Amino acid sequence: MRTLSDILAVQRLDPAAMTDSGRLWIPDLVRDNIEKGIYFGYVKHIGPKVRDVSVGDKVMFSRWENEPWESGIKYCGMHERDVMGIMSPSLHPLSDHLLLEPLKPEPISKGGIIIPDNAQDRPLRARVLAVGPGLWENGCRTPMEVSPGAIVLYGKLAGTEITLEEKQYRIIREKDILAVESDA
């Protein structure tokens, strides 16, 4: 198999075949996230324009960002920008992805009014834990405008929710950030 341009060939992991014996993957992590549309796999081949991913990396990607190649062998192809992150041993976002830790909404307004749960969901606030290196466009990397530690606002449906070590996180693209809160 030979891949071209910025295409990767990834061997998807089957959660049913995984065990605790000798695997670096945590079965509950995989099982919980597959229900949310997140897949994990090993990079088997890379195209000549792939810059941030290497053969053998354990990657995380959305089920909607890949195309199956061979049905008997669980390979799929995707652009490098569609890989959400590399698992080693923590998650490192790639391309223009950000790893967010959602913040709990304030249940009481500044005026003392109690806000019900169903009215607290837009826009959502989160702390940026990690950022990818930026998106490659026309041979140049576009730097990220958001940095780790920033508090950002994002829409309810933006990105993908994941579970790592029993905590909820969200991976989104930088373009899905609505605003960055300032201290002033």
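The values are calculated or read from the model by the stated rules, or taken from the named source; none is laboratory data. In this text, all values refer to a predicted model and were calculated from it rather than measured experimentally. With ideal geometry, Cβ positions are generated from the backbone for all residues, glycine too; neighbour counts draw on all protein chains shown.
Filtering the range 36-59 to residues that are under 18 Å from the mean Cα position of the chain (by Cα), farther than 16 Å from Pro133 by Cβ and either part of a strand (DSSP E or B) or assigned by TED's automatic domain parsing to the domain that holds Thr163 (or both) leaves Ile38, Tyr39, Phe40, Gly41, Tyr42, Val43, Lys58. Taking residues in the range 114-131 that are on the phi > 0 side of the Ramachandran plot and of a type in the set (A, V, I, L, M, F, W, C), and partners anywhere that are at pLDDT below 85 and part of a strand (DSSP E or B), not one pair has Cβ atoms closer than 7 Å while being at least 6 places apart or on different chains.
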